[in-house]
Amino acid sequence: MTRRAIIAGTGSALPERRVTNDELAQTVDTSDAWITERTGIRARHIAGEGETTATLGADAARRALDAAGIDASAVDLIVLATATPDQTFPASATKIQAALGITDCVAFDLAAVCSGFLYALSVADSMIRAGGATTALVIGAETFSRILDWEDRATCVLFGDGAGAVVLQAEEDSARGILSSALHADGRYNQLLYVDGGPSTTGTVGKLRMRGQEVFRHAVTNLAAVLAEALAKAGVDVGDVDWVVPHQANRRILDATARKLGLPAARMVITVDEHANTSAASVPLALDVAVRDGRIRRGDLIVFEAMGGGFTWGAAVARY
Ligand code: COA
């Protein structure tokens, strides 16, 4: 018997406030034309008072549980991927756990920045396959607006806030589920995309800093390679893929990666125009959008990919 982790349901949540490029251009020295042309971003959601990583994550998790038809009491594992936790500790995963009314399960945060959801999915999948969990919530939730330098137009226009979640459930001998994953990190590049503060260095939270062009260059190469690796591990061909659900950093990165792999752009789920880069939230957010609008259907072969600060990067293949 083969035990697999199947995706039983998806959910997402966005802050109430939607900010267009034009609105941003009223306070930042930028323009809708520059942002749209360089990134494909048209709008992003920005968290307001009372909206935090944990509240957004809990809303996304509730919707994923509803979609799966599973009661919160069945959850025995919560992995929250985030680089913007509510506090340094306790783990925001425990705040989500409490908000869902769960009083006993494994709950922890995982930090791999924009690749966080891929890392969290792989950890939860491994725990489920090893018999250490049966019903897992895998959540990506972020409030990057709170670590942006709003004076730095080269970074502040690129990011947004939000959350996405999936319920993974153990199933025996299923054709569905996570078929493979591939993860990487190379810390030699950790000064190309980072936050310039933290509890053990400055004692402050710090702001996001990025060398955009260098990140761009590495992203296309790493993403194409890790996608090919995950497909090979799953024993499937690029031509078998129904949907790619990529990390939504930049439309140009998505197009270049698709070209490099020979994937038709029409098979990519794109939400960067509406959500901007929501870091660990972007893959599960995009997945939920495409599931709810009917593009992704049961039985489809889907591929996830992401790259972020560290650098970290990864991909996973799943039969939905
Ligand atoms: N509005 C208007 N002008 C801007 C701007 C903005 N928001 N941000 C930067 N500029 C200006 C720069 O000041 C520069 O002006 P100059 O030529 O007069 O010096 C010019 O635009 C070009 O800047 P540059 O940084 O070379 O632009 P770019 O073509 O590399 O595009 C990014 C910048 C950030 C869009 C691009 O590098 C990128 O997408 N990188 C990857 C980022 C990413 O996805 N990171 C997350 C990975 S998880």
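Highest mean packing comes first when the peptides 22-28, 41-47 are listed by Cβ atoms within 10 Å, giving 41-47, 22-28. For the chain, give the share of DSSP beta bridges that are antiparallel, in percent and rounded to the nearest 5; count only bridges with both residues there. DSSP beta bridges in the chain are roughly 70 percent antiparallel. Contact order for the chain, expressed relative to its length and based on alpha carbon pairs under 8 Å spaced 6+ residues apart, stands at 26 percent. 3J(HN,Hα) along the stretch 35-51: 5, 5, 5, 7, 10, x, 7, 10, 7, 8, 9, 10, 5, x, 4, x, 9 Hz, from the Karplus curve 6.51 cos²θ - 1.76 cosθ + 1.60 with θ = phi - 60°, whole Hz, x for Gly and Pro.
What FRET efficiency, computed as 1/(1 + (r/R0)^6) with R0 = 35 Å and r the Cβ-Cβ distance, is obtained for Thr201 and Asp22, rounded to the nearest 0.05? Present the calculation step by step, with values, prior to reporting the outcome.
Working: r = 37 Å, r/R0 = 1.06.
Given R0 = 35 Å and the Cβ-Cβ separation, E is 0.40.
Near Ile178: Cβ cut-off under 10 Å, other residues only, Lys/Arg at +1 and Asp/Glu at -1. The net charge is +3.
Can you give me the relative contact order of the stretch 177-319 as a percent, contacts being Cα pairs under 8 Å and 6 or more apart?
38
Over all pairs of different C-alpha atoms, the chain has a mean inverse distance whose reciprocal, the Kirkwood radius, equals 19.2 Å.
Can you check what the net charge comes to around Phe311, using other residues whose Cβ is under 14 Å from the Cβ of Phe311 (Lys, Arg +1; Asp, Glu -1)?
Details: positive: Arg188, Arg211, Arg217; negative: Asp186, Glu214, Glu305.
The answer is 0.
Computed from the Cβ-Cβ distance with R0 of 22 Å, the FRET efficiency linking Ala185 to Phe108 stands at 0.75.
Could you check what % of the DSSP bridge pairs in the stretch 3-172 are antiparallel, to the nearest 5?
Values: 23 of 33 bridges.
Counting only bridges with both partners in the stretch 3-172, antiparallel ones make up about 70 percent.
Averaging the Cα positions of each part gives two centres, and for the stretch 181-210 and the stretch 276-313 these lie 22 Å apart.
Past the 24 angstrom mark, what percentage of all C-alpha to C-alpha distances in the stretch 177-319 do you count?
Values: 3124 of 10153 pairs.
I get 31 percent for the Cα pairs in the stretch 177-319 exceeding 24 Å.
Residue by residue, the stretch 203-210 carries 3J(HN,Hα) couplings of x, 10, 6, x, 10, 6, 10, 8 Hz when phi is fed to the Karplus relation 6.51 cos²θ - 1.76 cosθ + 1.60 (θ = phi - 60°); x denotes Gly or Pro. Extending 7 Å from the Cα toward the beta-carbon at both Arg292 and Asp242 defines two label points whose distance is 2.0 nm.
Since every read-out is calculated from the coordinates, none of them should be taken as a lab result. Every value quoted in this text rests on a predicted model; they were computed, and no experiment measured them. Counting neighbours? That spans all protein chains shown, and the Cβs are built from the backbone with ideal geometry, glycine included.
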